[in-house]
Amino acid sequence: MQGNKATNRNKITCPALGTTYEGGDVQLLEHVLPLVDFVEVTPDSMAEYQQERPVLPDHAIGELKDIGSDAHVIVHGVGLSIGTHDGYSETYLQIVDKLLDHVAVEWHSEHLGYVNVDGQHLGTMLAVSKTGQVLDILCERIKTIQQRYGIPFLIENIVHILPDFDGEFSDAAFLNALANRTGCGLILDVYNLECDAHNHGFDIPRFLAELEMEHVREIHLAGGVIDRGFRLDVHSRITDDSTIALARQVIAAAPNLRTVTYELLPEAVPKLGYRAIAGELKRLRQALMN
Ligand SMILES: [Fe+2]
Ligand SMILES: [Fe+2]
């Protein structure tokens, strides 16, 4: 059963503004909930181990239901590993099963990548090879997930930690094909594009010109760091002006965009501070929605 609580939600602007939240920080919620329309949660980060299995605890469900009375909840996992050769993580989907049984969610999403190989977690996420064979496998998996939940499912572009495998599709053509063949939406993480441009010379204007913008439902924004010349997708800072400019470009071109989500790791919250995070959300709304 989905939650159906009366809401105090803000009137949604277009596109709306969202931010990430991983549970257990009441003060953060008090600061951000008046400023956002969407709260994006990572269910596997909120899960706790019970008898050696990750399970979403009842207190997390309760917290998400409460959030749902102030903002729309969207789900963004990290553990599905949709690109693992011998199958995605059923354990992750069982966490989502429980969440969606109890909380009303607008859509859920995952990354176009993989974190598991031969049952081992890599400790990072790697991009899939963009071949026809991989495309066929991913389309089947996305369709199965769509049928399982009956709510929209979005796929996000990830950073390329390693140089790309020389596949049969460009990045944009691969995302276009996934969306056209399955009806899934896309999250366009513009900070990830900037990381790829910095680290591997990725051609952002060419990518954006080729991407079919009608599939983009959500934009991700973040601020990170450059470490020994490598731009990292750690979400630990406020957003650079260049990232905001890129988001504005996508907003102008994406007719079905629903929200722009500012991503911040929970570890970065004490460092930035609640007031600075609230200030960043106000700045983003001003910069992106005018
Ligand atoms: Fe993500
Ligand atoms: Fe992202």
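Rank Leu208, Asn192, Thr182 by how far each Cα sits towards the positive end of the charge dipole of the range 151-231 (+1 on Lys, Arg Cβ; -1 on Asp, Glu Cβ) and give me just the farthest.
With unit charges placed on the Cβ atoms, the residue in question is Asn192.
Over every pair of different alpha-carbon atoms in the chain, take the mean of 1/r and invert it; report that Kirkwood radius in Å.
19.3 Å
Hey, fewest Cβ within 10 Å first, where do Ile251, Ile219 land in order?
Ile251, Ile219
For the pair Arg206 and Gln120, what calculated FRET efficiency results from E = 1/(1 + (r/R0)^6), where r is the Cβ-Cβ distance and R0 = 35 Å, to the nearest 0.05?
0.50
How large is the charge dipole for the range 16-288, taken about the Cα centre, if only the Cβ atoms of Lys, Arg (+1) and Asp, Glu (-1) carry charge, to the nearest 20 debye?
Its charge dipole is roughly 560 debye.
Restricting to Cα pairs below 8 Å that are 6+ residues apart, what does the relative contact order work out to for the chain? Please round to a whole percent.
18 percent
Rg and Dmax in Å for the range 136-177, alpha carbons only: what are they?
Taking only Cα atoms of the range 136-177, I get Rg and Dmax of 12.6, 35 Å.
Through the Karplus equation 6.51 cos²θ - 1.76 cosθ + 1.60, θ set to phi - 60°, convert the phi angles of the range 270-278 into ³J(HN,Hα) values in whole Hz; use x for Gly and Pro.
Along the range 270-278, the couplings run x, 5, 6, x, 4, 5, 5, 5, 4 Hz.
From largest to smallest, what semi-axes in whole angstrom does the range 44-178 give when each is the square root of 5 times an eigenvalue of its alpha carbon gyration tensor?
Working from the Cα gyration tensor, I get semi-axes of 28, 17, 13 Å.
With a sphere of radius 9 Å drawn around the Cβ of Gly185, what net charge do the other residues whose Cβ falls strictly inside it have (Lys, Arg +1; Asp, Glu -1)?
Neighbour charge sum, excluding Gly185 itself: +1.
Using Cα pairs under 8 angstrom and six or more residues apart, how large is the relative contact order of the range 56-115, in percent?
Value for the range 56-115: 48 percent.
List every residue whose amide H lies under 5 Å from the amide H of Asp70, counting only residues 5 or more places away in sequence or on a different chain, with H placed 1.01 Å from N in the peptide plane.
Asn8
Taking Cα atoms of the range 179-270, Rg/Rh with Kirkwood Rh, to two decimals?
0.98
Which value in deg cm²/dmol, rounded to the nearest 500, describes the helix-derived mean residue ellipticity at 222 nm for the chain, given -39,500 (n - 2.57) per DSSP H run of n ≥ 4 and division by the residue count?
-11500 deg cm²/dmol
Any read-out appearing in this document is the output of simple, stated calculations on the displayed coordinates, not a laboratory observation. Just so you know, these numbers come straight off a predicted model, no measurement behind them. Glycine gets a Cβ as well: all are built from the backbone with ideal geometry, and neighbour counts include every protein chain shown.
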